[in-house]
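See structure below.
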Amino acid sequence: YMPPDRNQLLTVVDVLNVTGFKSRTTLYRRARNGSFPSPCHIGSGKIRWRSGDVEDWLNSLQPRRY
């Protein structure tokens, strides 16, 4: 489920649930190497992802052909 507001900020748990990534390590590694959108730092050590960035990434995935 993606929120209707593309500027809503998602927590790491929200992003893991939406993407299906199994660990925070995978999420941060992919953000660092550029294969996933970078998070925003909102202060006090808090990190969030814009839902629109995550949605765009999901929409860019190519379907697997069998």
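Pairs are defined by a Cβ separation below 6 Å, a sequence spacing of at least 6 or placement on different chains, a first member in the stretch 12-24 that is of a type in the set (D, E, K, R), and a second member that is at pLDDT 95 or above; the pairs so defined are Arg24/Val12.
Look at the stretch 39-56: where a residue is of a type in the set (Gly, Ala, Ser) and a partner is exposed (fewer than 12 other Cβ atoms within 10 Å of the Cβ), sitting 6+ places away or on another chain with Cβ atoms under 8 Å, you get Ser51/Asp5; Ser51/Asn7; Gly52/Asn7. Just so you know, in the stretch 1-46 the residues that are open to solvent by 90 Å² or more (accessible area, probe 1.4 Å) and in contact with a helix residue (DSSP H, G or I) (Cβ under 7 Å, 6 or more places away or on another chain) include one that is farthest from Asn59 (Cα to Cα), and it is Arg24.
The values are calculated or read from the model by the stated rules, or taken from the named source; none is laboratory data. The model shown is predicted, which means the values in this text are computed figures rather than measured ones. All Cβ positions, glycine included, derive from the backbone under ideal geometry; neighbour counts span all protein chains shown. All accessible areas refer to the heavy atoms of the entire protein, side chains included, with ligands and DNA or RNA removed. Shrake-Rupley method; radii C 1.70, N 1.55, O 1.52, S 1.80 Å.
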